[in-house]
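Reviewing the structure listed below.
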Amino acid sequence: EKGNYRHFMQKEIFEQPTVVAQTLASYVHRADEVVALPQIDFDLSAIKRITIVACGTSYYAGLVAKYWFEQFARVPVDIDVASEFRYREPVLEDGGLALFISQSGETADTLAALRHCKEAGQTIGVVVNVPTSSMAREADLLLPTHAGPEIGVASTKAFTCQLAVLAALAAHLAVKKGRMDRAEEQEVVKHLLEAPACLNAALAHDDDIAAMAHLIAPARDVLYLGRGSDFPLAMEGALKLKEISYIHAEGYASGEMKHGPIALIDDKVPVIVLAPSGSLFEKTVSNMQEVSARGGQIVLISDKEGIEAAGEGCIATIEMPKVHPLIAPLVYAVPVQLLAYHVACAKGTDVDQPRNLAKSVTVE
Ligand code: M6R
């Protein structure tokens, strides 16, 4: 069922505009431009704190969502990888929403964390792609993603659909908390509905990305840099590359470079910079200059404005459409997925079944 695609991963990357639109269709009311969540039988406005728990790519979706919950709804968020969560003896006060994010809904560590939170009296929210999964069954608030079955071991379309659901939830919570008025909510919904077209525009650069894969394929180490809500995308990009191309990669907050990792930079280390133009751009450009000065080979992923301002001296640039900051994490997921995909193809690895990995991790 791969159709004209070589791999499931490739097919799933290209399905994103459709499945994100499908997911948004069940979370926003298009005509009124407001968020419409599934029936909830508890008072969301009473939520005092959110605890997010997930693994891998789903954890990175949670990291992006932390920015949104705090920025829009002003609700404090704690976030952990599931395998660490219970062992740090987290403080779980009354009035807390514990939110679990999982494609499969079966990841053992995440499920154990869910049960732990349930026992501690937290309200349990889950964002899952498999509606019949264990996590879905144990939720108080079930928020399904509508990505359809994801076959490739590397998660792609589930991630962007998780982001779509989480952005809608953050806006809804902000409204309930009296932090967002109707006009602002409509503004958020309008930008979310722009996502499918922007994802398509990002996918249109597939050939450019394929053509530059040979620049990354010989590398031993690759760094990914991002700021703000694009920082989790840098980590997601690094994870994708590690998983399927077996190249060591790290995602770093752009400003953290000079606190250590810059020591790794030489002319053999590609540095992938995710930097949409906007308020954080200038700061990231300074970090790029620090890398260039040490011979680092920069690949800049930005929009036209950003590439015009800072593309000179880069070994390659990947142009994204100009997008609202809210949807940048969804759109910038595409180039990092495609880059990992094409590098893996260049290296001839098994893209859909990378070594040592399972689609669903059901042991702790
Ligand atoms: O099914 P889940 O979302 O709970 O899975 C979590 C991770 O195992 C998963 O995201 C993993 O990191 C992927 N292979 C990433 O591409």
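If you go through the stretch 126-140 and keep only what is in a strand (DSSP E or B) and touching a Phe, Trp or Tyr at 6+ places or on another chain (Cβ under 7 Å), you end up with just Val126. For the condition outside any loop (DSSP other than H, G, I, E, B), open to solvent by less than 10 Å² (accessible area, probe 1.4 Å) and within 16 Å of the ligand (Cβ to nearest atom), Val343 qualifies. For the stretch 229-250, filtering for residues that are open to solvent by 20 Å² or more (accessible area, probe 1.4 Å) and touching a residue at least 12 places away in the same chain (Cβ under 8 Å) leaves 8. Scanning the stretch 96-120 for residues that are within 9 Å of the ligand (Cβ to nearest atom) and crowded, with 24+ Cβ neighbours inside 10 Å returns Phe100, Ile101, Ser102, Gln103, Gly105, Thr107, Thr110.
For the stretch 277-291, indicate whether the set of residues that are outside any helix (DSSP H, G or I), under 22 Å from Ser245 (Cβ atoms) and open to solvent by less than 10 Å² (accessible area, probe 1.4 Å) is non-empty. No: the stretch 277-291 contains no residue that is outside any helix (DSSP H, G or I), under 22 Å from Ser245 (Cβ atoms) and open to solvent by less than 10 Å² (accessible area, probe 1.4 Å).
Of all residues in the stretch 82-95, exactly one satisfies the criterion of being open to solvent by less than 10 Å² (accessible area, probe 1.4 Å) and either touching an Asp or Glu at 6+ places or on another chain (Cβ under 6 Å) or within 10 Å of the ligand (Cβ to nearest atom) (or both), namely Ala82.
Screening Leu114 with (1) under 30 Å from Glu12 (Cα atoms); (2) at pLDDT below 95 gives one miss only, at (2). Scanning the stretch 141-186 for residues that are touching a Phe, Trp or Tyr at 6+ places or on another chain (Cβ under 7 Å) and part of a loop (DSSP other than H, G, I, E, B), we see that the one that is most open to solvent (accessible area, probe 1.4 Å) is Arg179.
The values are calculated or read from the model by the stated rules, or taken from the named source; none is laboratory data. Since the model is a prediction, treat every value here as computed from it, not as a measurement. Backbone-built Cβ (ideal geometry, glycine too); neighbour counts: all protein chains shown. Just so you know, the surface numbers come from the protein's heavy atoms only, side chains and all, with ligands and any DNA or RNA stripped out. Shrake-Rupley method; radii C 1.70, N 1.55, O 1.52, S 1.80 Å.
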